[in-house]
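The values are calculated or read from the model by the stated rules, or taken from the named source; none is laboratory data. Computed from a prediction, not measured in an experiment: that's the story for all the values here. Heads up, the Cβs are rebuilt from the backbone with ideal geometry, glycines too, and the neighbour counts pull from every protein chain shown.
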Amino acid sequence: MVKDYSQQTGKKTTVKGHHKICISIESIVYIQCEGGLATLFLDDQSKVEEIKTLKAFEADLCGMGFIRISRNTLVNGKHITKINTNQGKRIVYLGDIALRVSKRRLACLKEQLF
């Protein structure tokens with residue numbers, strides 16, 4: 001992946017779950033949202049939950065290398081290690097984590113990465 005992610009360096013976001021905490025944007029691997037509850041998956045294998053829509057996260061992280069890959073998932077392009085589109089599969093790999101990419105979002109994903 002050739003994109004420059006330097007805009008994430010030193011930036012933090014505030015998450016208001018059970019406790020208000022600051023998280024380095026670089027450490028967010030991906031965000032999944034189910035029914036208004038967003039779960040942030042971090043690079044240290046921990047999770048943080050916040051009541052916020054994925055659309056709101058997308059707006060907050062606009063221009064920082066985050067890419068919407070499906071209705072409920074936003075990934076940090078910095079952590080993408082591989083994309084598999086063989087034999088009708090649409091999977092993005094974030095290290096050893098595999099996430100499905102919707103048909104509609106595949107072209108946007110490729111455009112933002114390459």
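Give the range 1-35 a look and list any residue that's among the small types (Gly, Ala, Ser) and in contact with a Leu (Cβ under 8 Å, 6 or more places away or on another chain), or say none. Listed by number, the list holds a single entry, 27.
Taking residue 96, is it surrounded by 13 or more Cβ atoms within 10 Å (Cβ to Cβ), of a type in the set (Asp, Glu) and over 17 Å from residue 114 (Cβ atoms)? Reasoning before the result, please.
Working: surrounded by 13 or more Cβ atoms within 10 Å (Cβ to Cβ): no; of a type in the set (Asp, Glu): yes; over 17 Å from residue 114 (Cβ atoms): yes.
Here the answer is no, as residue 96 does not meet what is asked.
Candidates are the residues of the range 71-86 that are of a type outside the set (S, T, N, Q) and surrounded by 12 or more Cβ atoms within 10 Å (Cβ to Cβ); the one that is farthest from residue 25 (Cα to Cα) is 83.
Residues to consider are 69, 83; find the one that is of a type in the set (A, V, I, L, M) and in contact (Cβ under 8 Å) with a residue 40 or more places away in the chain.
69
Evaluating residue 68 against the criteria (1) at pLDDT below 95; (2) in contact with a helix residue (DSSP H, G or I) (Cβ under 8 Å, 6 or more places away or on another chain); (3) surrounded by 12 or more Cβ atoms within 10 Å (Cβ to Cβ) leaves one unmet condition, (1). Exactly one residue out of 48, 29 is buried (at least 17 other Cβ atoms within 10 Å of the Cβ), within 25 Å of residue 89 (Cα to Cα) and either modelled with pLDDT under 95 or among the β-branched types (Val, Ile, Thr) (or both): that is 29.
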